[in-house]
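Working notes, structure below.
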Amino acid sequence: MPNGNRMSGSPNTYDSSFLNYGRGHNIATNGDTVYVVWYDKSDGNWEIYYMRSTDRGVSWETAIRLTNDPARSGFASIAVSSSVVHVAWGDLKPGNFEIYYMRSTDGGTSWEEEQRLTDDMYVSGSPTISLSGSYVHLAWVNSDNDAGIYKVFYKHSSDGGISWEDESLLSENSTIAYNASMAVSGSDVYVAWHDYRDGNREIYYKGSIDGGEHWGEDTRISFDPATSNLPNLAISDSALHVVWQDDRSGLNDVYYNYSTNGGKNWAEDTKLNDWSYSSERPFIDASDSVLHVIWCDFRDGNYEIYYKRNPTGGIPVAIDENTENISTVIYPNPASRQLTVGQLDNWIVGQLAVDGRRSAVRLSIVDLYGREIKAFRNISSFPYMIDISDLSDGVYLLRVMDEEGRSGSAKFLKIAE
């Protein structure tokens, strides 16, 4: 995975009175398009800004300002499905912080009028938004009593954000809970946050398998005496991914973990940033097998936004090579547009088989989860060229099988041009 790439100079600072905990930036992807929102005061007031890239983060269009009000606006969350982009944020315009929402139906070119989604005498902030079909899922933190005990709340819209159901309380624990993050796949909804029930900040999560109607028990993700906070979730296929801010090294760092069984079990923590500066407030999103992460970093002497990606999905490849019956020459490897399968040693190809038929083989490309992506049949001569330009970046397996059922396989890496 390459080092983080600097994206912009915003936000250049954080206002501690806005909400003590929260992330100032957010990212979402749809195919080759990557969307980012953040807040800054470059125009003299805290406002929400939006930017997109249509080439997987290689280049970026000009930033667009989404809010324009003397009151403070910040801590936005973004989600996208097809050409519909949804943004939620916290805003002080009613006199206390409330959750607001707006959407674009043309990929972020134009935006509809904003909606106010909460109406409470206490602070509502740090929203997180996710999509599944026509359902828009929203979670946030709210100080629901005079003692200032923050808890996690949830609500959803079943008509693409036009109308919203009543809110419900997720975090029942009596300790303070901050910074909800959410990931959705079909009717599975996952929410993570950090709270103080263990005497220090740790990451917890809970899930629903019926679209947010009912919820399971809280599950602890982080297990370290240091402070673990500001979690963020993403889901890709059958894997649930989480990043968070952690100070176990004495500085704030970005850590990552994953679960392949819906959050029941988790792998070992992985540190993502490799600089000895404070790296904070991470966010993760998945596009096919590619993971995208952004965070706020102090390596330049002030806070800047950096970006990093993992083209193989962050999970060790579960498929195995079988080279017993094959010694395949695959080139180039990695490859971007075309993969060439060279001479197959120890295989009789293109010659008469014992029954008088021409011997032929079948080639197939299999992804990380064992799914066959492409198949090529009755191949009787080599070298053989395969077009892989339409594959997403990541690790794949090339399988070979002959008419007698013998098989072999070899891994290759598809990369962007």
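Readers should treat all values here as calculations from the given coordinates under stated rules, not as data from a laboratory. This structure is a prediction, so every number in the text was calculated from the model and none was measured. Don't worry about glycine lacking a Cβ; one is built from the backbone with ideal geometry, like all the others, and counts go over all protein chains shown.
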Inset, instruction - Can you grab the distance from the C-alpha centre of region 292-310 to the C-alpha centre of region 205-251, Å, no decimals? - result: 21
Inset, instruction - Extending each Cα 7 Å along its Cβ direction at PHE298 and ASP224, get the distance between those two points in nm, one decimal. - result: 1.7
Inset, instruction - Would you kindly state how much longer the chain becomes between TRP60 and ARG362 on full extension, computed as 0.36 nm times their sequence separation minus their alpha carbon distance, in nm to one decimal? - result: 104.5 nm
Inset, instruction - Using the Karplus curve 6.51 cos²θ - 1.76 cosθ + 1.60 with θ = phi - 60°, work out ³J(HN,Hα) for each residue of region 54-61 in order, rounded to whole Hz, and write x for Gly and Pro. - result: 9, 10, 6, x, 6, 9, 10, 7
Inset, instruction - Could you tell me which of the pairs LYS155/LYS264; LYS41/LYS93; LYS93/LYS206 are separated by over 22 angstrom between their Cα atoms in the structure shown? - result: LYS155/LYS264; LYS93/LYS206
Inset, instruction - Within 10 Å of each residue's Cβ, count the other Cβ atoms and sort PHE75, PHE298, PHE412 from fewest upward. - result: PHE298, PHE412, PHE75
Inset, instruction - May I ask you to evaluate 6.51 cos²θ - 1.76 cosθ + 1.60, the Karplus curve with θ = phi - 60°, for each residue of region 162-171 and list the ³J(HN,Hα) values in order in whole Hz, giving x for glycine and proline? - result: 6, 10, 10, 7, 5, 7, 9, 8, 9, 8
Legend entry - region 106-122 - phi-based ³J(HN,Hα) in whole Hz, Karplus 6.51/-1.76/1.60, Gly and Pro as x: 10, x, x, 6, 10, 10, 7, 5, 6, 10, 8, 9, 10, 8, 9, 7, 10
Legend entry - Environment charge at ASP218 (Cβ cut-off 10 Å; Lys +1, Arg +1, Asp -1, Glu -1): 0
Inset, instruction - Let me know the shape class of region 5-310, please: from the alpha-carbon gyration tensor, a ≥ b ≥ c as square roots of the eigenvalues, rounded when a/c is under 1.5, otherwise prolate if a/b is greater than b/c, or oblate. - result: rounded
